[in-house]
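First the structure, in the form of structure tokens, and then the observations on it.
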Amino acid sequence: MVAVTYNPIGLIRSPHKNLHGMPIQPIGAKGVKGRIELKKEYEEGLKDLDGFSHIILIYHFHLCNGHSLKVKPFLDNVKRGIFATRAPKRPNPIGISVVRLEKIEENTIYISNVDVVDGTPLLDIKPYIPHFDASEDEEVCIGWFEDKNHEAKEKKSDKRFVD
């Protein structure tokens with residue numbers, strides 16, 4: 001097996017100073033402002049990003065220790081396989097969020113709909129492109145989320161995934 005190492009390209013800044021009470025998905029963080037403090041050495045990579053309304057943030061769940069293959073997710077009372085959830089206690093603690101891009105000033109990216117704890121290490125940024133990222137011509141099934149997804153807007157984080 002090949003060893004994999006990632007180096008953060010910056011930090012995500014948000015008003016969420018701890019996990020307790022934080023929105024669990026961007027839909028529950030509508031209007032919550034934040035910013036990305038990108039390392040200066042990556043600023044040139046922001047060229048042309050300002051033409052997108054939304055971006056995908058890929059980040060490291062730095063507050064999680066270890067992993068569990070079965071977890072009780074925020075939207076359920078039943079233990080589920082970790083790969084059938086978006087829970088943070090993963091073998092590789094990598095998170096994703098689609099956020100609104102407000103503006104870019106030098107190496108600072110202003111965003112909204114932020115559901116990420118302050119100080120989270122950012123691994124990558126990708127443009128959100130609905131035509132690529134959402135299936136328009138196929139039926140989409142969302143498994144056990146089917147009768148729970150409407151709850152995500154109001155659901156808040158607790159300490160269940162932090163040791």
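Quick grid of which residues meet (1) at pLDDT 90 or above; (2) closer than 15 Å to Glu102 by Cα:
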{"residue": "Met1", "(1), (2)": "no, no"}
{"residue": "Tyr6", "(1), (2)": "yes, no"}
{"residue": "Leu11", "(1), (2)": "yes, no"}
{"residue": "Lys30", "(1), (2)": "no, yes"}
- Task: Read through the list (1) under 16 Å from the mean Cα position of the chain (by Cα); (2) of a type in the set (S, T, N, Q); (3) within 18 Å of Pro121 (Cβ to Cβ), then give the number of the only condition that Thr85 fails.
- Result: (3)
- Query: Based on what the data block shows, is Arg90 within 24 Å of Glu44 (Cβ to Cβ) and without any contact (Cβ under 8 Å) to a residue 60 or more places away in the chain?
  - Reply: no
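The values are calculated or read from the model by the stated rules, or taken from the named source; none is laboratory data. Nothing here was measured: the structure is a model prediction, and the numbers come from that model. All Cβ positions, even for glycine, are placed from backbone atoms using ideal geometry, and neighbour counts span all protein chains on display.
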